[in-house]
Amino acid sequence: KGGKERIILGTDKVKAGGVEFEIRNSSKDQMHEFLITPWTGKITALPYDDSKGQVVEGKLPQLAGVEDMKPGAEATLRLPLTAGKYVVFCNQPGHYKLGMVARLTVSH
């Protein structure tokens, strides 16, 4: 909105176990993704390829999510998450650096 890309989580803390995400691409004109990976570092420090404008997914071995969601698309994703810190992001070109990233903490 207003030229700023973002991911909005309903909550930034959940309990370990099966976690269900109801995902909606609220854009009217852009494809987006909902990707999640364990990450204890800064959310702005995922491995990044400046030439492609994308996070290097191959360096995130536990990456999961929904890719290439068309504008207005909705999806449900259920994942077994263990306790720890995670990063949720969109990896369409440039979107991660524009702010489509959020922290999720999973507790016991």
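Taking a cut-off of 20 Å between Cα atoms, list the aspartates and glutamates near residue 59, but don't count ones fewer than 8 places away on the same chain.
Candidates past the 8-residue exclusion: 33, 49, 50, 67, 68.
What per residue convex hull volume, in Å³, do the alpha-carbon atoms of the stretch 1-60 yield?
Output value, Cα hull per residue: 142 Å³.
Calculate, axis by axis, the spread of Cα positions in the stretch 1-103 along the three principal axes, and write the results as whole Å, longest axis first.
For the stretch 1-103, the Cα extents along the three principal axes come out at 34, 28, 22 Å.
Just to confirm, what accessible area per residue do you get for the chain at 1.4 Å probe, in whole Å²?
Each residue of the chain exposes 61 Å² on average to a 1.4 Å probe.
What's the carbon and sulfur percent of the chain's accessible surface, probe 1.4 angstrom, rounded to a whole number?
Carbon and sulfur: 49 percent of the exposed surface of the chain.
The values are calculated or read from the model by the stated rules, or taken from the named source; none is laboratory data. What you see is a predicted model; the values in this text were computed from it and never measured. Ligands, DNA and RNA are excluded from the accessible area calculation, which covers all protein heavy atoms including side chains. Shrake-Rupley method; radii C 1.70, N 1.55, O 1.52, S 1.80 Å.
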